[in-house]
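Here is the structure we will look at, set down as structure tokens.
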Amino acid sequence: MNIVTLLPFIVLIGAMFLMTRSAKNKQRKAAAMRDAMTPGTGVRTIGGMYATVKEIRDDTVLLEVAPGTHALYAKNAVGAVLEQEEYERIVNGAPSDLEIGKTVVPDDASSLTSDDDADSSKVDFAKDDDESASAKDAKTTAADAKDESAKGDDQPEDAKRKGTDSE
């Protein structure tokens, strides 16, 4: 056989080897992370729940998801073992780099505009007298045109619709 015909097979086997190798490395790292769990450690499950490790068993781990509430999870359900500072920041919501009591995001948009611009930027939505007068003129003109067309006909409305002459 020619080496050119075997080359695609060799490339495929090499790609499969590299993919399985990277998957094994990920599994190895995840197992090492799970082995680093100790009681009292903060963890995040693969479902996104944060909890504290209470007890570690062979294939399971007992987590305290709320004070006094315990749940039993498979070790594979632990997505990440967190540092104590990171766990406290996420669970308690007290970031260490921000001052407590300091407003980070305003409650409303009033702080985004100044009071000087408020008076000049107000829009008046009331109708002007000129506009209302022109609107009345247009309505009157349309009504007059309808009356004019009606005056020219001697037949009643019923006769016009039926197409007969009532006289």
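No lab work stands behind these numbers, since they all come straight from the coordinates. Given the structure is predicted, the values throughout are model-derived calculations rather than measurements. So basically every Cβ, Gly included, is an ideal-geometry build from the backbone, and we count neighbours across all protein chains shown.
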Counting each pair of different Cα atoms once, what's the Kirkwood radius of region 1-71 in Å, rounded to one decimal?
15.4 Å
Tell me the label-point distance for the pair E83, N2, using the 7 Å Cα-to-Cβ offset, in nm and rounded to one decimal.
5.9 nm
